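Values in this text are rule-based calculations from the coordinates and carry no lab data. Computed from a prediction, not measured in an experiment: that's the story for all the values here. Reconstructed Cβ throughout: ideal geometry from the backbone, glycine too, with neighbour counts over all protein chains shown.
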Amino acid sequence: MSDASQTSPKLQRMSTVLDWIALVCRVVTGVALVVLTVIFGWLVFGRYVLNATPTWVEQVALLLVMLIAFLGAAVGVHENTHLSVSILRTSLPRHIRAVLVVITDVAMASFGGLMFWYGWQLTVFKWGSLIPLIQVPEGLRSLPLTIGGGLILLFSLGHLVRLFLGADERTDSIE
């Protein structure tokens with residue numbers, strides 16, 4: 001942590017909580033990736049060895065891919081490793097770069113908020129029907145969108161708080 005964040009226990013606590021949330025997301029996505037690999041192995045084994053294709057695998061795989069994608073994207077926002085094109089930003093003077101960083105964080109927070117809001121509405125709308133073959137609520141398909149959007153909003157707001165308090169440690173944002 002930088003000196004600015006060392007002086008504020010609340011800021012350090014916020015950063016610690018956000019780091020723990022990101023860690024939980026990484027663990028969940030890692031487990032989901034292992035489960036995805038195992039069930040696809042079962043699919044191949046069932047199809048070509050047992051000559052009995054387990055049809056549930058594809059539906060579960062779709063749920064796991066959604067979980068991996070949206071939680072992984074949220075962690076990417078938190079760790080500033082998400083896909084971005086920063087050549088324009090890094091070629092501009094420092095004061096303009098700072099404005100662009102704020103605009104980017106506000107845009108990401110807005111996008112995460114919209115993902116959360118509309119993902120929640122979709123989840124609630126689809127919760128009453130079931131996914132064929134696995135008989136779980138259809139709303140589970142959009143639940144990772146909702147959670148991922150909420151986390152993108154939360155992590156982006158965390159970046160903005162650190163930025164305005166002078167504790168932003170993202171090296172490619174403002175150097």
About the Cα centre, charge dipole magnitude for the range 1-135 (Lys/Arg +1, Asp/Glu -1 at Cβ), debye: 160 debye
Under-5 Å amide H pairs with Leu130, H placed in peptide plane, nonlocal only: Glu138
Computed helical MRE - 222 nm, the chain, DSSP H runs ≥ 4 contributing -39500 (n - 2.57), nearest 500: -25500 deg cm²/dmol
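Would you kindly calculate the mean projected area, averaged across all directions, of the convex hull enclosing the Cα atoms of the range 3-164, in square nanometres?
12.0 nm²
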